Amino acid sequence: MKSIGILGITGSIGTSTIQVMRSHPGLVRIELATSHNNSKKLFRLAEEFSIPHVVLTNQISPDSITDIPRGCTVHYGTDALDSLLKTLPLDVVFNAISGSAGMQSTLTSLEAGIDVALANKESLVMAGHLVKPLLAKTHTTLLPVDSEHSAILQAMSGRPVEEVHKLIITASGGPFRQLPLEDFSHIDLAQSLKHPTWDMGFKVTMDSATMLNKGLEIIEAHWLFDMPYSRIEAIIHPQSIIHSMVQFIDGSILAQMSKPTMQLPILYALTHPKHVAPQVTHTDFLAIKTLQFEAISTQRYPLFGLALQVAAAGGLLPTIMNAANEAAIELFRTRRIRFNDIFTLVAATVEQAANISHPDVETILTTNHDTRNFVLKNFQTLI
Ligand code: NDP
Ligand code: MG
C-alpha cells in the first residue's frame, strides 16, 4: 500500500480526496496531512484515518491548540512541513494547497525523490522550468489532478508527443458566459462564486469567473506534456462533460468524458495507469443530450488574453501575473475593488514588471511576495 501525504486536506480537493479514500479503503495509507488554519477538520480526519503526522502551516501558537487525537503529532509552520517532506518515507505527495503557497512543497517533494500528484497548478505556472529538470534528476513522476490535464493524460494513451497535433482544453465558461458585457462592472462577489458546474475553493472559483484559470491551465499543460503553446488550444464547453481532448497528427481526436466530479481525476492520479472500481461517477448521455462548444472571447475574458501573452513570455512573468491576481481577488473579496478592476490591476502590474528568463526559487518566492504586497498596498481604494 502506498504511503502518502495530503497537503491542503481540509480544502475542496482535499475533501474530494477523502471521499475517494472512503470509497476505496486500502488504496493508500495517509502518513501526513496539512491544513493552514482549520485544526478542527484536520484533527477529525487524523482520527478517522489514523494519520500520525499533521501540520498546521499558518503561524499558530501551539498553546491555542486542543483536542489533538491520540497517536497524532502536530507540527507547526512551513519549515516543519519542509522537514517532514524530506524525512518521512512517503511514496506520493498529493499537493492540494491553493495558490502560490503550494509551490515550495512540490519542489521539496520532488527533490526528496517523492512522486507528486498535483492539484496545485500554480507550482507549474511559477516554476515549471525548475520542476522539469528535477523530475529527470530525481527520477520522480508528476501526475496531474486538474481534470483537464488528467483528461489529456488519459487521451494521450501513452503515445509520444510527436504523434500529437494539438491539445484542446475545455472550459465551462464560468458564471458570466452569457452576461451582457455592459453588466460586468456591476458583478458582485456572490455572483462570481456561483460556478455553474464545479464546487471549488475561493481562488480557483474566482479564476474560473475571470477565465484566468484557463490561462494557468494552458501553462500547466505546456509543462506537463512538453507541448509548445502554439499546439495548445482552449475552448468553452458549457456542459463540462468533455474534460479535454487530444488531436493526433492524422486528425483523430480522443476525448475523456464523464459527469463532472473531481473524484475521478483524483482517483486516477492515485491509480495511474490503472482504472479501478468502484465507479465514482455515472454518466448518462441520454440525460445530457447536447454537447456545445464556443470560442473564448478575450473581450469578455481579458485575463485569459493576458495569460496567453504572459505564457509566451515565460520566465518570471507568470509568477508576477499570478501574484498580482491573488492580491486582486483578495481586494475584490474584501469589497475594495470591482470585478473589472481585477484585470486592470493585474495588467498594470505585469506591464511595469521586468522579466527574468530563468528565475531561481529564491527570486520566484521573493517576487511572489513583493508583487502581492505591492498590489495590496497600492490598489486598495478603487471603489
Ligand atoms: P481550497 O481553498 O478549497 O483549499 C486549500 C487548502 O490549502 C486548504 O486545506 C487550506 O487550509 C490550505 N491552505 C490555504 N492557504 C494555504 C497556505 N498559505 N499555505 C498552506 N496551505 C494553505 O482550494 P481547492 O481545494 O479548491 O484548490 C487547491 C488546488 O487545487 C488549487 O491550486 C486549485 O487551483 C487546484 N484545483 C482545484 C479544483 C477544485 O475542484 N477545487 C479543480 C482543479 C484544480 P485551511 O482549510 O486551513 O484554510
Ligand atoms: Mg481545471
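Before moving on, here are some points about what is shown:
- The per residue volume of the convex hull around the alpha-carbon atoms of the stretch 80-160 is 94 Å³.
- Over the chain, volume per residue of the alpha carbon convex hull, in Å³: 145
- The stretch 230-269, Rg to Rh (Cα coordinates; Rh as Kirkwood inverse mean 1/r): 1.01
- Between the stretch 129-199 and the stretch 24-69, the alpha-carbon centres lie 29 Å apart.
- 3J(HN,Hα) from dihedral phi, the stretch 65-70, Karplus parametrisation 6.51/-1.76/1.60, rounded to Hz, x for glycine, proline: 9, 10, 6, 6, x, 5
- Karplus-based coupling profile of the stretch 95-111, in residue order and whole Hz: 9, 10, 6, 8, x, 4, 4, x, 4, 4, 5, 5, 5, 4, 4, 5, 4, with θ = phi - 60° in 6.51 cos²θ - 1.76 cosθ + 1.60 and x standing for Gly or Pro.
- Ordering of 92-99, 174-181 by packing [mean C-beta count within 10 Å, highest first]: 92-99, 174-181
- Rg over Rh [alpha-carbon atoms, Kirkwood Rh] for the stretch 80-230: 1.02
- Using only alpha carbons, the stretch 283-383 has a radius of gyration to Kirkwood radius ratio (Rg to Rh) of 1.12.
- For the stretch 148-277, projected area of the alpha-carbon convex hull averaged over all directions, nm²: 8.8
- Across the stretch 138-151, rounded Karplus estimates of 3J(HN,Hα) from the backbone phi angles (6.51 cos²θ - 1.76 cosθ + 1.60, θ = phi - 60°) give 9, 6, 9, 10, 10, 10, x, 9, 3, 4, 5, 7, 5, 4 Hz, Gly and Pro being marked x.
- Cα-only Debye scattering, the stretch 268-336: base-10 log of I(q)/I(0) at q = 0.11, 0.20, 0.28 Å⁻¹: -0.63, -0.88, -1.22
- Computed over the chain with a Gaussian network model linking Cα atoms closer than 10 Å, the most mobile of Glu294, Glu220, Glu351 is Glu351.
- Highest mean packing first, where packing is the average number of other Cβ atoms within 10 Å per residue, the peptides 336-347, 125-136, 140-151 line up as 140-151, 336-347, 125-136.
- Share antiparallel - DSSP beta bridges, the chain, percent rounded to 5: 25
- In Å, descending, principal axis extents of the Cα set of the stretch 133-221: 49, 28, 20
- Based on every Cα atom in the stretch 53-96, Rg and the maximum pairwise Cα distance Dmax equal 11.4, 32 Å.
- Note on the stretch 1-122: Cα-only Rg and Dmax are 13.0, 36 Å.
- Its Cα gyration tensor gives the stretch 331-379 an equivalent ellipsoid; the semi-axes, largest first and in whole Å, are 23, 12, 8.
- Most mobile listed residue (Thr73, Thr108, Thr15) in the chain, GNM with C-alpha springs under 10 Å: Thr73
- Magnitude of the charge dipole for the stretch 1-151, about its Cα centre and with charges confined to Cβ atoms of Lys, Arg (+1) and Asp, Glu (-1), is about 200 debye.
- The amide H of Leu143, built 1.01 Å from its N in the peptide plane, has Val116, Ala117, Leu118 as neighbours under 5 Å, considering only residues 5 or more places off or on other chains.
- What you get for the stretch 111-180, charging only the Cβ of Lys and Arg (+1) and of Asp and Glu (-1), is a dipole of about 140 debye around the Cα centre.
Throughout, read-outs are computed from the coordinates displayed, never taken from laboratory work. None of the values given here were measured: they were computed from a predicted structure. Positions of Cβ are generated from backbone atoms using ideal geometry, with glycine treated the same way; all protein chains shown enter the neighbour counts.
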